[in-house]
Amino acid sequence: MEEKVLTKNFGVKNSHRIDVYLERGGYQAVQKALQMDPDKILEEVKAANLRGRGGAGFPAGVKLGFVPKEVEKPKYLCANADEGEPGTFKDRYIMTHDPHLLIEGMIIISYCVGIHKAYVYIRGEYEHIAQQLEKALSEAYDKNYLGQNILNSGFDLDVFIHRGAGAYICGEETGLLESLEGKRGYPRLKPPFPAAIGLFQCPTVINNVETLSNIPQVILKGAQWFVNKGLPKDGGTRIFSVSGMVEKPGVYECPVGTSLKDIIYEYAGGLKEGKKLKAVIPGGLSAPILKPDEIDVPMDFDSLMEAGSMLGSASVMVIDQEKPILDVLRVISDFYSHESCGQCTPCRIGNSWINKIIHRLYREKGKKEDLDKIIRLASNMKGKTLCPLGDAAALPILSLTQKFREELETYTES
């Protein structure tokens with residue numbers, strides 16, 4: 001049986017309590033890290049080839065290395081717990097079952113970079129989880145893992161929780177920063193990047209919950225151990241959120257590079273009621289769709305990119321043959337037209353018009369040219385917006401319209 005890294009405490013009674021976490025080896029990595037040179041921690045994270053688990057897959061160690069060392073301004077850490085990608089619920093499970101794992105990762109990264117103030121930006125709908133995190137932080141303060149002079153190391157760190165207001169756009173790192181500063185969650189123009197000019201115009205590290213939760217094991221067991229858990233250029237394990245028409249929906253921790261086919265048929269038990277597979281969204285709603293003959297692919301960033309999709313948030317959504325593809329297209333379009341912040345014209349207008357066309361196909365027979373219009377509008381969004389939301393909407397809409405054009409034409413007149 002594969003050794004669990006991130007989910008080893010899932011299902012353990014009171015795993016969210018610090019006493020249970022300590023009994024099971026928790027905070028040992030912090031004790032080790034506080035005795036290390038910060039540069040050595042950075043080298044270890046880089047060598048682990050830990051890629052960001054939030055969607056883009058940027059190497060976490062490289063990202064940390066962008067933060068300037070000698071600056072007069074304070075530095076900040078933001079844990080991105082917004083988790084607004086439809087079909088994604090892995091971070092929720094980490095924060096519910098093992099909140100101290102996230103906190104421990106935040107302490108190590110803060111010590112490594114020289115950060116004394118950190119924030120957890122959590123989506124507004126996660127009210128119960130936010131309350132649980134508050135209790136976990138209080139426990140960590142009581143045990144001197146947070147606060148002043150942590151474990152007599154001379155290092156200070158305070159962590160705060162900030163609740164979002166339910167906007168998907170605030171999962172984008174610069175939109176998150178704007179929201180955290182009390183402004184409307186509009187993405188910023190990049191460069192400058194947050195590592196240099198981020199929260200309150202100061203150097204800022206922004207990492208996803210799952211990314212930060214990997215840090216303790218990287219430090220405790222070493223970079224090579226972590227790399228061996230996954231692939232040479234993409235180390236570790238990943239938590240896959242599996243939903244849709246499968247026998248056992250849920251979260252599954254698998255080595256990076258596990259086949260998408262195995263995740264669906266071995267881990268999640270295959271399709272319900274003997275239904276046939278029609279398509280799979282492999283990395284959250286923003287990932288291009290894959291047809292049944294395309295799912296024998298390793299679940300890592302590079303392999304899925306070559307297959308014409310992306311790993312994203314590792315959210316696997318399974319669609320069976322009985323589901324009309326127009327329903328899937330409508331759900332995607334409804335979501336992105338609603339969540340577009342409106343700052344960029346291609347995204348604001350493109351998503352709105354695509355949504356109107358799709359709803360017209362529902363109400364009455366459209367024209368075959370409508371599908372060409374959808375493709376043209378989506379193509380005009382791709383790569384032409386300040387943040388990735390334009391691409392996030394365009395990519396799945398393009399793949400659905402192109403791969404299932406024959407089915408969609410049944411909703412049109414000649």
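A short reminder: the numbers here are calculations on the coordinates, not readings from a lab. Source: prediction; values computed, not measured. Please note: Cβ atoms are built from the backbone with ideal geometry, for glycine as well, and neighbour counts cover all protein chains shown.
Laid out as a table, the results:
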| quantity | calculated |
| --- | --- |
| Net length gained if the chain between E407 and K384 were fully extended (0.36 nm per residue, minus Cα distance) | 5.4 nm |
| Approximate spin-label separation K272-E3, in nm, with each point projected 7 Å along Cα-to-Cβ | 3.7 |
| Beta bridge orientation in the chain: antiparallel %, DSSP, nearest 5 | 40 |
| Taking all pairs of distinct alpha-carbon atoms in the chain, Kirkwood radius in angstrom | 22.1 |
| The range 325-405, relative contact order in percent, only Cα pairs under 8 angstrom and at least six apart counted | 34 |
| Hydrodynamic radius of the range 237-320 per Kirkwood, over alpha carbon pairs, in Å | 12.1 |
| Percent of beta bridges antiparallel (DSSP, the range 37-195, rounded to nearest 5) | 15 |
| The range 237-320, relative contact order in percent, only Cα pairs under 8 angstrom and at least six apart counted | 36 |
| Over the chain: helical MRE at 222 nm, DSSP H runs n ≥ 4 each giving -39500 (n - 2.57), nearest 500 | -12000 deg cm²/dmol |
| Percent RCO, i.e. relative contact order, over the range 252-406, from Cα pairs under 8 Å lying at least 6 residues apart | 22 |
| For the range 18-229, the fraction of alpha-carbon pairs in successive 5 Å shells from zero, as % | 1, 7, 16, 21, 22, 18, 11, 4, 0, 0 |
| Environment charge at C347 (Cβ cut-off 11 Å; Lys +1, Arg +1, Asp -1, Glu -1) | +1 |
| Kirkwood Rh in Å, taken over the range 276-414 so that all alpha-carbon pairs contribute | 15.1 |
| Estimated FRET transfer efficiency when R0 is 30 angstrom, pair D327-V62 (beta carbons, to 0.05) | 0.15 |
| Full-extension gain in nm, R24 to K356, via 0.36 nm per residue minus C-alpha separation | 114.2 nm |
| With at most 16 other Cβ atoms within 10 Å, longest stretch of the chain clear of loop GluC sites (Glu not before Pro) (DSSP) | 248-321 |
| GNM result for the chain, Cα springs below 10 Å: residue of R92, R360, R53 fluctuating most strongly | R360 |
| The range 61-154: C-alpha pair distances exceeding 17 Å, % | 55 |
| Alpha-carbon Rg/Rh ratio, for the range 325-405, with Rh computed the Kirkwood way | 0.94 |
| Amide H contacts under 5 Å for V120, placed H, 5+ residues apart | A79, F160, I161, H162 |
| R0 of 45 Å, Cβ-Cβ distance K13-Q201: FRET efficiency to nearest 0.05 | 0.50 |
| FRET efficiency estimate (nearest 0.05) - Cβ-Cβ, K221 to D302, R0 22 angstrom | 0.35 |
